[in-house]
1. Taking the criterion of being under 19 Å from residue 20 (Cβ atoms), assigned to a strand (DSSP E or B), among the aliphatic types (A, V, I, L, M) and open to solvent by less than 10 Å² (accessible area, probe 1.4 Å), would at least one residue in the range 88-100 satisfy it?
2. What number of residues in the range 118-141 are outside any strand (DSSP E or B), open to solvent by less than 90 Å² (accessible area, probe 1.4 Å) and closer than 17 Å to residue 25 by Cβ?
3. Taking residue 103 as the residue in question, decide whether it is out of contact with any His (no Cβ under 7 Å at 6 or more places or on another chain), modelled with pLDDT of 95 or more, buried (at least 16 other Cβ atoms within 10 Å of the Cβ) and within 22 Å of residue 169 (Cβ to Cβ).
4. Can you tell me which of (1) within 16 Å of the chain's Cα centre (by Cα); (2) surrounded by fewer than 19 Cβ atoms within 10 Å (Cβ to Cβ); (3) assigned to a helix (DSSP H, G or I) is the one residue 160 doesn't meet?
5. For the range 142-151, enumerate the residues that are open to solvent by 30 Å² or more (accessible area, probe 1.4 Å) and not in a loop (DSSP other than H, G, I, E, B).
6. Being under 13 Å from the mean Cα position of the chain (by Cα) and within 28 Å of residue 32 (Cα to Cα) is true for just one of 144, 65, 149. Which residue is that?
Amino acid sequence: MEYLQINSFDDYRVEEIYKSYCETFPEDERRSEQQFRHLFSNPRVKVFSVLKDLKNIGYLISWELTNFVFIEHFEIFSEFRSLKYGSEIISHLYKNYSHIVLEAEPEDQDENAARRISFYEKNGFMVIDENYVQPCYDPEKNSLNLWLLANWKPEKTDWIKEEIYDVVYC
C-alpha cells in the first residue's frame, strides 16, 4: 500500500476524493468546497491518496497538532471496503504516530456507527470522551455530538479538544 501526499486541490486525484467525500459524509460533517480547497495550503494538514496496486482506494486527511495527529476524515472507497485495507492503514499510522485522535458517531446512533466504533476498538482505539461536540464547519451547518477516540489513554481530554477546536475548526 502506498500513501501519496497530495499538495494541491488541482491534483487529478482530488476530484475523485472530493466527490466521494461529499457522497459519504453528511453535510454537517464536511467542509464546503472552498474550505476543502484551503486544506492544501495549511502546513499542518496532510491529504493522502491511499493506493493499492496503483489504484486509488481511499484517502486520509490528517492534522499534525502539538502532541498528536488528528484524523479528520478517513475513507476507503465503497468498492474496496471489507478487504482489511482500513486496518492496514491504521497499522501504517501507528508506525508513524504514537498519539492519534479521531472523531466518530456514538455507537448507539445506528448500525453503521456501532460497526465503526467496533472497527476502531479492534484496531487499538478507545473512546476517551463521549461528550465531545464537533463544532460546525460554518454558520449554516450544525455542530454534532460525537465521540472522541484515541490510541492512548490521556488523563484529561480538555487540552486535546481545545487544540482541535482552535486549529481544525477555527
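The values are calculated or read from the model by the stated rules, or taken from the named source; none is laboratory data. Predicted, not measured: the structure shown is a model, and the values here were computed from it. Positions of Cβ are backbone-derived with ideal geometry, glycine not excepted, and every protein chain shown enters the neighbour counts. Areas reflect the complete protein model, heavy atoms only, side chains present, ligands, DNA and RNA absent. Shrake-Rupley method; radii C 1.70, N 1.55, O 1.52, S 1.80 Å.
1. No, because not a single residue in the range 88-100 is under 19 Å from residue 20 (Cβ atoms), assigned to a strand (DSSP E or B), among the aliphatic types (A, V, I, L, M) and open to solvent by less than 10 Å² (accessible area, probe 1.4 Å).
2. Applying the first criterion (outside any strand (DSSP E or B)) to the range 118-141 yields 118-125, 135-141.
The next check asks that each one be open to solvent by less than 90 Å² (accessible area, probe 1.4 Å); those that pass are 118-120, 123-125, 135-138, 141.
Filter once more, keeping what is closer than 17 Å to residue 25 by Cβ: 119-120, 135-138, 141.
Residues flagged as outside any strand (DSSP E or B), open to solvent by less than 90 Å² (accessible area, probe 1.4 Å) and closer than 17 Å to residue 25 by Cβ within the range 118-141 amount to 7.
3. On the way: out of contact with any His (no Cβ under 7 Å at 6 or more places or on another chain): yes; modelled with pLDDT of 95 or more: yes; buried (at least 16 other Cβ atoms within 10 Å of the Cβ): yes; within 22 Å of residue 169 (Cβ to Cβ): yes.
Taking the combined requirement at face value, the residue satisfies it.
4. For residue 160, the exception is condition (2).
5. Result: 144, 145.
6. Numbers: 144 fails: under 13 Å from the mean Cα position of the chain (by Cα); 65 fails: under 13 Å from the mean Cα position of the chain (by Cα).
Residue meeting the stated conditions: 149.
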